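Just so you know, all these numbers are worked out from the coordinates, no wet-lab data involved. Values in this document were obtained by computation on a predicted structure and should not be read as measured data. Counting neighbours? That spans all protein chains shown, and the Cβs are built from the backbone with ideal geometry, glycine included.
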Amino acid sequence: MKNVVLPLLGVLACSAPALAQQAEKVDQAMVAKIKDEGMNRSKVMETAFYLTDVSGPRLANSPGLMRASEWAKKQLTDWGLAKANIEAWGDFGRGWEIEKSYVAMTKPYYQAMLGTPKAWTPSTNGPVKKQVVLVKVGSEADLDKYKGQLRDKVIITEVTSMPKLGLEPDARRYTDEELQKMAAPVAADATPRRPSMTDEQREIMRARAALRSKLAPFFISEGAAAVLSNPRGGSVGTYFTSNGAPYAADAQPVLPELEMATEDQLRMVRLVEAGIPVEVELETKTKFQTQDLKGYNVVAEIPGTDRKLKNEIVMLGGHLDSWHAATGATDNAAGCAIMMEAVRILEALKVKPRRTIRIALWSAEEQGLHGSKNYVKNHFADPATMQLKPEHEKLAAYFNLDNGAGKIRGIYAQGNEGVMPIFASWLQPLNDLGATTVTARTTGGTDHLSFDAVGLPGFQFIQDPLDYGTRTHHTNMDTYERLPPEDLKQASVVVATFVYNAAMRDQKLPRKALSTAKTVGQR
C-alpha cells in the first residue's frame, strides 16, 4: 500500500474530548471485556507468525498467498466464525515465486551481494558468470552507443537516490502536538495543495515512461544476459522491491533482473567508472503459476442476531498479499493479524452482534486494490456506472488497517462529518490506550477507498508510523521482527471496539451524499 494523507477543505476535524457533549451511548462494560481479552489473552502475534514466517512471501496469486489464505480460512473457522470461504473475485493474471536466488561480485575480488529478483521476471536458466556493463540512458538516442556492446553482459544501472546518513532514528511515534494538528479544523485558505503538473512536466513523465518501455526489448535484442538495478534507493542493506514485468498472461518477455542493495550497486558503479573490470555471478530460478489466473479474497462472518438488523453488515479488513523480498510483516500481515484478532476477541467473548460482522482479507492490493475493488463491484456497486446493488444499502461500515504495525491513535473520517461525534464517543474509553484523535482528513492508497468510491462509509485508522516509511514498506526488511506486540494488541482492542459498536448501534453510520448513484434495475 501507499500511505497518502490529504487535508479536506473546510471540513471540521476533532479530537475525542472536543465532542464529548455529543457522545452517544457506549457499552463500557463490553469495552472493558474487550480490553481484558485483547491485552491479556492475545493471539495476535501467533497469527502474525503464521501469516509471515510460516506462509512466507505472499505476492498476488502466488503459492505463498494461497498458503496464507488457506490457513486464515481454517483459523477463522476454528475460532467459530461462520461461512469462512476463499472467494474468487475475477481474473488477475499469472502467479510467480522465487525458487532460488544468488548474486555475488567475483572480480576484482569476491564479495557476496544483496539482491532479489524483480517480480514476474524469468530465470537465468542456470548460473551466469559475466562481465558487468554500466548503462546510462537519458533518452532513446543514448541507446545507440550501446549497440553491439551488451551481448553476453550483465547490465547495471545508475543509482539515482543516494543513501542517507543515519543521523535520525528510523522509527517514530506521533507526538501529542502532531495529533492535535491533525485534529484541528483546516481553514480553506491554509490548506496545502499539491502543486499541479505543468505541461512540460507531464511531457517529461510521458517521455520517461516511453523510454522505459523500450529498454527491455532493446536489452533482449542486444543479447544481454541479465540486469542489476536499484530504481528506488535504500540504505544500510535495505532495498525496495517491485515488479519487473506485467503479471498478465500475455506479457512481453523481459530479461532476468535483480533489485540490489544501494551499497552493492554503488560499489560496482564506482569500479566500472574507474575503468576496473567487474564480473558478477548470479543465478535466479523463478516459477510462474498459470493454472489458475483468478484472484481470491478470504471472508468469514459472525452472524447477526437482531431480527431486523441481522442482514446488515459491518465489515473489517486488510490486504493479505505482500511483496516478495521479505514476508510482508508490516505490509500487511500486521493489519490482517489485527483484524483477525479483533473478530477472535468478539467470538471469545461470545458477543451476539445485532448486525452481521464480516472480515475480509484482500488480495492484489499492491497491484491496484484489485481484491477490494472487485469485491465492492461484485457485491455493492460498479464504480464505473455507479449502479447500486441491493447489498449497497445493507453495509453499515467498513474499517481498514494498512499503515504498518504501529498502535492506533485515532481514525480518519474520510470527509464524513456525520461520523465524527460518533467516533469521538467510541474513542473516549480507549483514550488510556493512546487512541484519541478523529480527523476529517482523508487518507488514500489502500482498500477503504474501494468502498468510499461508491458512497459507502469506509475508514482507515491513524497509526503510529514507526519505521514503516523509512525501513519496512515494500523492502527486504519487512519481517516479523518489525512487529511490536503491545502495539498489535492495542490496535486489536481498538478495532474490536469499533466493530462491536458499529454492529450494535440502532442506526447504520451516516453516509456522505451520493447524488450520482443509481440502483440496479431502477428506471
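Some points to look at:
- Tilt relative to the chain, helix 28-40 - C-alpha long axis, 0 to 90 degrees, to 10: 30 degrees
- Residue separation of D176 and Q149 scaled by 0.36 nm, minus their Cα-Cα distance, works out to 3.9 nm of gained length.
- Gain on full stretching of the segment that runs from E481 to M197 - 0.36 nm per residue minus C-alpha separation: 98.2 nm
- Entry for percent of Cα pairs over 39 Å apart (calculated from the structure that is shown) out of (i) 19; (ii) 30; (iii) 24: (ii)
- With 0.36 nm allotted per residue and the present C-alpha distance subtracted, the S213-E24 stretch has 62.5 nm of extension available.
- Mean Cβ neighbour count within 10 Å, used as a protection proxy, ranking 28-41, 206-219 highest first: 28-41, 206-219
- Inter-probe distance in nm under a simple model that places probes 7 Å from Cα toward Cβ, at K164 and E273: 2.2 nm
- Among R482, R511, R270, the order by Cβ neighbours within 10 angstrom, fewest to most, reads R270, R511, R482.
- The spacing between segment 213-272 and segment 376-426, judged by their C-alpha centroids, is 38 Å.
- Cross-link table K83/K394; K153/K214; K136/K287, entries beyond 26 Å C-alpha to C-alpha: K136/K287
- Ranked by the mean number of other Cβ atoms within 10 Å of their residues, highest first, the peptides 100-109, 279-288 fall in the order 279-288, 100-109.
- Of all lysines in the structure, the ones whose alpha carbon falls short of 17 Å from that of K43, not counting any fewer than 8 places away in one chain, are K33, K35, K73, K74, K350, K407, K489.
- Using alpha-carbon coordinates, inclination of helix 199-221 to the longest axis of the chain, degrees: 50 degrees
- Eligible aspartates and glutamates near K145 by straight Cα distance, threshold 18 Å, same-chain separation 8 or greater: E158, E222, E273
- H448, H474 arranged by Cβ crowding within 10 Å, fewest neighbours leading: H474, H448
- Fewest neighbouring Cβ atoms within 10 Å first, the residues D170, D27 line up as D27, D170.
- Other residues within the sphere of radius under 14 Å centred on the Cβ of V269, judged by their own Cβ, net out at -1 (K and R +1, D and E -1).
- In terms of the mean number of neighbouring beta-carbon atoms within 10 Å, the peptides 259-268, 346-355 order highest first as 259-268, 346-355.
- With contacts taken as Cα pairs under 8 Å at a separation of at least 6 residues, the chain carries a relative contact order of 26 percent.
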